[in-house]
Amino acid sequence: MSTIIYRGYDAAGLALQYDNARAVPNHADIIAETARASEAYRQRHAGCRIDVPYGPSPRQAVDIYPTPITPDDGGGAPVLFFIHGGFWVRRDKRDFGFLAEAVNMAGAHVVNVEYDLCPTVTLPQLVEQVRTAFAWTHAHAAEFGGNPAALHVAGHSAGGHLAAMLAVTDWTAYGLPADVVKSVTAISGIFDLEPIVQIPLNEQVKLDAATARAMSPVFGTPRTDLPILVAVGGAETAEFVRQSRALVHTWRTEGCDVEALEPEGEDHFTILRALGDAQHAMTEGLLRIMGLF
């Protein structure tokens, strides 16, 4: 008989819950599709700036996609700071440029952030890099027409985790306003890292129980009263759905303004692809949380 190690799962069953590639057999086709769409948008967007450094290593850089729309008040436009996923060990920001188009057309700039990957860095170091990139964005937003007082955060999968971590960050410790993050959209995220300790992925992430808890936003509280959208595909694995529902429940219990979205039929990959469709509920949700829809 198999030994149960976490919430009714044995080791093999728990690993399957976090194996999105196996859960979505055509995931490679979706990734290739969005990579092509990203390259196509970069070719069309003459004003985008690629690989702008915010730190010393080659991966500590951002891609900036400015909006062509000038705000009515003549000030800087809102900025979406987007964090890609890949379980903290893979993927690249360049494959996610496609999602900038709908946001740009709604009147906001997009900053796609890159970071060093585990195990080259530890997860706490990775989180700190993303915080540094966000602080850099605040400092430089005006240079590309952005409003540093209108910075919004979104992320998918591991990026959803990182987006939630920015919500629980004490930004005054970085010399920034406590309310510098104006909204957070966390898509298909991992918010309780306890199960990660017990699956093969941890050979690269190298978490122990204490670090997993410290890096779990479900055990933290957003520092300010900001709107939050937590989205997960209705066709995702039970554990990914549970992760999002747990964050919604916990943060609502703490009095946070949290909206939940579970688009029916969307899996871990198609829910992100949906951001390329300006009419999709996922895109509408992102723009709504930013005050643009």
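Give the Cα extents of segment 219-293 along the principal axes, in whole Å, largest first.
32, 32, 14
Calculate, axis by axis, the spread of Cα positions in segment 93-191 along the three principal axes, and write the results as whole Å, longest axis first.
The Cα atoms of segment 93-191 stretch 36, 32, 21 Å along the principal axes, largest first.
Quick check on segment 4-289: what are the equivalent-ellipsoid semi-axes from the Cα gyration tensor, as sqrt(5λ), descending, whole Å?
Numbers: eigenvalues 156, 87, 70 Å².
Each semi-axis is the square root of five times an eigenvalue, giving 28, 21, 19 Å.
Would you mind computing Rg(Cα) / (2.2 N^0.38 Å) for segment 155-248, counting N as its residues?
Values: Rg = 13.6 Å, N = 94, 2.2 N^0.38 = 12.4 Å.
Rounded to two decimals, the normalised Rg is 1.10.
Can you list residues whose amide H is under 5 Å from G146's amide H, if they're 5+ apart or on another chain and H is modeled 1.01 Å from N?
Close amide H contacts, sequence-distant or interchain: A77.
DSSP beta bridges in the chain, what fraction antiparallel, as a percent rounded to 5?
Working: 9 of 35 bridges.
Taking every DSSP beta bridge with both residues in the chain, the antiparallel ones total about 25 percent.
For D208 paired with A149, estimate the spin-label separation in nm (one decimal), with each label point 7 Å from Cα along the Cα-to-Cβ line.
Distance between the two pseudo-spin positions: 4.6 nm.
Assuming R0 = 22 Å, what is the FRET efficiency of D277 and D29, from their Cβ-Cβ distance, to the nearest 0.05? Mind showing how you got there, number by number?
Numbers: r = 17 Å, r/R0 = 0.77.
E(calc), rounded to 0.05, equals 0.85.
When Lys and Arg each count +1 and Asp and Glu each count -1, what net charge do the other residues less than 12 Å away from V180, Cβ to Cβ, add up to? Spell out each step's value before the answer.
Values: positive: R131, K182, R223; negative: D170, D179.
Net of charged neighbours comes to +1.
Sorted by average packing, counted as other Cβ atoms within 10 angstrom per residue and highest first, what order do 87-99, 44-56 take?
Top of the packing list down: 87-99, 44-56.
Could you tell me, in Å, what Rg and Dmax come out for the Cα atoms of segment 37-89?
Cα-based Rg and Dmax for segment 37-89 come out at 13.7, 42 Å.
Bear in mind these aren't lab numbers, they're just calculated from the coordinates by the rules spelled out. Source: prediction; values computed, not measured. Glycine gets a Cβ as well: all are built from the backbone with ideal geometry, and neighbour counts include every protein chain shown.
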